[in-house]
Amino acid sequence: MVTNDSDMEPKPLRVVQITDTHLYSDPDGRLLGLNTRHSLEQVIDLVMKTRQPDLVVTSGDLTHDGSPQAYQHVQDCFRRIGVPVYCLPGNHDEVATFNTCMNSDPFLTVRSARIDNWQMLFLDSTVTGSENGHLAKTELDALDKILASSPDSPALIWLHHQPVPMGSRWLDSMAVDNPQDLFEVADRYTQVRAILWGHVHQQFEQNRNGVQLLAAPSTCVQFQPGSEEFAVDLIPPGYRWLELFPDQSFRTGVERLQKIPGEIDQDARGY
Ligand SMILES: [Fe+2]
């Protein structure tokens, strides 16, 4: 077991979730008035100032337009963190282009990874040509198989779309449409510690039968929690951090920029 010299506490595996970056082919591309690349750069600066992550997970909507140039910008931004970046697609990604572009070191598009005995499981919840989320049988069968084969490894399940209602009608019309199939698998394995997603551009924490359900803010525009219709939340972007301990416990939290790095169109009716 690795320990800190100072206090002999076990050293955690440090994970950072940086999600919904929404970059464009144009490096000056803006979402509701906000330069998404500039905003991502600010969040990455904050990560590098406040954390020393061992790995990063980016849980979808890496780009807004799905172009190869936008994925190149994503790579340029993330590469300077200097650690592996596990990538999931979102509804704004072009999955074929995503798979081609995000498969070279330090970027990984894999089903799973076991690191320091923690099992990371990555599920593709995207549906071609749709904003909605769905977990195909192939995704759930793979989840089932990996969980069955690694009962002693605490597991985190990552996906893009939310598998539970966020209490926001417009957003919940674009959720995973078969969450019961996911929970039917996850509920059979006591080693599942958390299910985490992006997509909702807001912080969210809930406990379901001892499993943490967690969402992270976007690195650009935030959505108003609990809003029936599309609405922007004027709080700064940020990221989620996790510290995963050898005793199978973990800590997590959200860190934000001190202010929004630009102007946002507050009257926007959609994105
Ligand atoms: Fe998004």
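Points worth noting:
- For the stretch 136-143, the criterion of being among the hydroxyl-bearing types (S, T, Y), over 27 Å from L13 (Cα atoms) and more than 15 Å from the ligand (Cβ to nearest atom) is met by at least one residue.
- Taking the numbered list (1) within 14 Å of the ligand (Cβ to nearest atom); (2) open to solvent by 50 Å² or more (accessible area, probe 1.4 Å); (3) modelled with pLDDT of 95 or more in turn, R188 passes all entries but (1).
- Residues that are in contact with a Gly (Cβ under 9 Å, 6 or more places away or on another chain) and over 19 Å from P246 (Cα atoms), drawn from the stretch 180-202: W197, G198, H199
- Scan the stretch 185-215 for residues that are free of Cβ contacts under 8 Å to residues at least 40 places away in the same chain, part of a strand (DSSP E or B) and closer than 18 Å to A142 by Cα and the total you get is 1.
- Scanning the stretch 222-268 for residues that are farther than 18 Å from N35 by Cβ and of a type in the set (K, R) gives R240, R251.
- In the stretch 5-50, the residues that are in a loop (DSSP other than H, G, I, E, B) and within 17 Å of the chain's Cα centre (by Cα): I18, D20, T21, H22
- Answer residue from the stretch 123-152, given it is open to solvent by 20 Å² or more (accessible area, probe 1.4 Å) and in a loop (DSSP other than H, G, I, E, B) and is farthest from A186 (Cα to Cα) among those: G129
- One residue from G198, G238, G270, G253 being out of contact with any Cys (no Cβ under 7 Å at 6 or more places or on another chain) and more than 16 Å from the ligand (Cβ to nearest atom): G253
- Answer residue from the stretch 85-103, given it is over 11 Å from the mean Cα position of the chain (by Cα), within 14 Å of the ligand (Cβ to nearest atom) and touching a residue at least 40 places away in the same chain (Cβ under 8 Å) and is farthest from T63 (Cα to Cα) among those: N91
- Tally, over the stretch 153-173, of residues that are in a loop (DSSP other than H, G, I, E, B) and surrounded by fewer than 17 Cβ atoms within 10 Å (Cβ to Cβ): 3
The values are calculated or read from the model by the stated rules, or taken from the named source; none is laboratory data. Keep in mind the model is a prediction, meaning the values are calculated, not measured. Note that we place each Cβ from the backbone using ideal geometry, even for glycine, and neighbour counts take in every protein chain shown. We work out accessible area using only protein heavy atoms, side chains counted, and drop any ligands, DNA or RNA first. Shrake-Rupley method; radii C 1.70, N 1.55, O 1.52, S 1.80 Å.
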